[in-house]
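The values are calculated or read from the model by the stated rules, or taken from the named source; none is laboratory data. It should be emphasised that the depicted structure is a prediction, and the values quoted were computed from it without experimental measurement. Here the Cβ is made from the backbone with ideal geometry for all residues, glycine too, and neighbour counts use every protein chain on show. Accessible surface is based on the protein model in full, side chains and every heavy atom, while ligands, DNA and RNA are left aside. Shrake-Rupley method; radii C 1.70, N 1.55, O 1.52, S 1.80 Å.
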Amino acid sequence: MRRYVKLSIKRVKLILPALTEATSPFWRPIKYSLFPPLGLATLAAYLDPDLEISLQDEHVEKLDLNDEPDLVIIQVYITNAYRAYRIADHYRAQGSYVVLGGLHVTSLPDEAAPHADTIFLGPGEHTFPQFLRDLASGTPQRRYESSVRTLEGLPPIRRDLIQRHRYLVPNSIVVSRGCPHHCTFCYKDGFFTGGRSFYTQVVDDALAEIARLPGRHLYFLDDHLFGNARFARELFRGMKGMGRVFQGAATVDSILRDDLVEEAAAAGLRSLFVGFETLSSRGLEGAGKRQNLGRNYSEVVRRLDSLGIMINGSFVFGLDGDDRDVFSRTVDWAVESGITTATFHILTPYPGTALFADMNARNRIETRNWDLYDTRHVVYRPSCMSPAELKRGYDWAYESFYRWGSILKAASAHKSAKHSLKHFFYSAGWKKFELAWDLVIRIKQLSQMRPLLEAVLAPVTQPVLRSNTREGTRPAHDAGSWEATLPVTALE
């Protein structure tokens, strides 16, 4: 039975519960102090500014659960789901109206629904404003499912609710939603069911949001910043001359396609997350990652290196066909190629994905304990090695890639001495000074490290645009406002 709805909403609380891995003994505080909860700040922009609004991120502060908000909005990922449900149950018991949304809610709505008065499936730019209107009239629905997909007329993000001093990269930004590709292990297809799976802001609106951000450094959290070549090209041309340095994510094929990456470099791109995923063609085919098939990974590295762009390479272990040699092959290639930082993952079949459906049908899912679905644990039966071997190989890959000798060898792979130094300081600074990072976070001086980050991201060389390449014409097709929050593309 639907609970009584308070028509008078005065106090609103938005919460990002901590991911399970952020509370483990191996928690790296700096990793979870990178980006603020941008998705929740985006939803807050639809609220009446006269309301008493608070936004809490449990990764950087202890949650206050002794308050009495009228409306509680909680963002749910798979590895914070149990924590999110406990918080939701707590506030519902004391009379708050609780709503849940995000990737996990969208993939398993029937699991989430008992813990909320209202749940949201998919992006919230259209459904959340409708919910607020329904709530005001006393007729909120139990479930809202996104079908209208547009970023036009998006209100300015409530960045005033973000505690900038708690984050190394408070200037995170998302200018598109979703991804034009359809990899079997990716959440995005399920999250964007019922509408377009990739769409962008109006360029002028994106530039206006960038202009509002103080400082020089930006991090685009978009799943695929180059996903719409026309949009990206206009964005980068508009950013040129702003004096920004920025980081983002793109695919192998988009880097090789035309001169878009040169346009990005001219606008200030200094570091790029690239989903190599595997060196195996069979693995790429099995994962549906066709955008990587037949592409020359070494040419990707050479091209980015020539522009002075550092690479955060993403790799997945445990694809069908991966054997015990996959770890050394991958690490050796990454080090010899001069990959600056690497993000390794154990293949994880998230519910709502094609991978999960396939493995579930073949009885390969070993556990549905969502706390273990963090890409650090083996939750399924691999095809060519044991779960223990996969876990050991994953751990070894991180240890091997970030040894001092590996860092030095990878740094020396660059043609420019300046790029080699940048590589060394960036990679070593990220992985070899945990105690220093922890101290800076404890004394609340993380913001003082931003100038150092900007210095490391300073340009190595001036990019020269190629004159005989055709303009990208791929039509528009990371993330909805319920989802653009955590460092999915951040360093490990």
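Exactly one of these conditions fails for Gln94: (1) over 24 Å from the mean Cα position of the chain (by Cα); (2) buried (at least 17 other Cβ atoms within 10 Å of the Cβ); (3) not acidic (Asp, Glu). Give me its number.
(2)
The rows are residues; the columns are (1) open to solvent by less than 40 Å² (accessible area, probe 1.4 Å); (2) touching a Pro at 6+ places or on another chain (Cβ under 9 Å); (3) β-branched (Val, Ile, Thr); (4) closer than 23 Å to Asp305 by Cβ.
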| residue | (1), (2), (3), (4) |
| --- | --- |
| His182 | no, no, no, no |
| Phe185 | yes, yes, no, no |
| Arg196 | no, no, no, no |
| Asp205 | no, no, no, no |
| Arg212 | no, yes, no, no |
| Gly238 | yes, no, no, no |
| Gly241 | no, no, no, no |
| Val245 | yes, yes, yes, yes |
| Asp259 | yes, no, no, yes |
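Taking the residues in segment 97-120 that are under 20 Å from the mean Cα position of the chain (by Cα) and surrounded by 24 or more Cβ atoms within 10 Å (Cβ to Cβ) as candidates, determine which candidate is farthest from Gly195 (Cα to Cα).
Ranking the candidates gives Leu100 first.
On the basis of being assigned to a helix (DSSP H, G or I) and at pLDDT 95 or above, does Ala84 make the cut? Give the derivation first.
On the way: assigned to a helix (DSSP H, G or I): yes; at pLDDT 95 or above: yes.
When the stated conditions are applied, Ala84 passes them.
May I ask you to verify whether Asp438 is at pLDDT below 60 and either touching a strand residue (DSSP E or B) at 6+ places or on another chain (Cβ under 7 Å) or charged (D, E, K, R) (or both)?
Numbers: at pLDDT below 60: no; either touching a strand residue (DSSP E or B) at 6+ places or on another chain (Cβ under 7 Å) or charged (D, E, K, R) (or both): yes.
The answer is no for Asp438.
Return the residues of segment 378-416 that are surrounded by 14 or more Cβ atoms within 10 Å (Cβ to Cβ), assigned to a helix (DSSP H, G or I) and of a type in the set (Gly, Ala, Ser); say none if nothing qualifies.
Scanning segment 378-416 gives Gly393, Ala397, Ser400, Ser406, Ala410, Ala411.
Return only the number of the condition from (1) open to solvent by 40 Å² or more (accessible area, probe 1.4 Å); (2) touching a strand residue (DSSP E or B) at 6+ places or on another chain (Cβ under 7 Å); (3) more than 19 Å from Ile78 (Cα to Cα) that Trp333 does not satisfy.
Failed condition: (2).
Can you find a residue in segment 96-115 that is assigned to a helix (DSSP H, G or I) and farther than 25 Å from Cys186 by Cβ?
yes
Checking Asp222 against (1) open to solvent by less than 50 Å² (accessible area, probe 1.4 Å); (2) in contact with a helix residue (DSSP H, G or I) (Cβ under 7 Å, 6 or more places away or on another chain), which test does it fail?
Every listed condition holds for Asp222 apart from (2).
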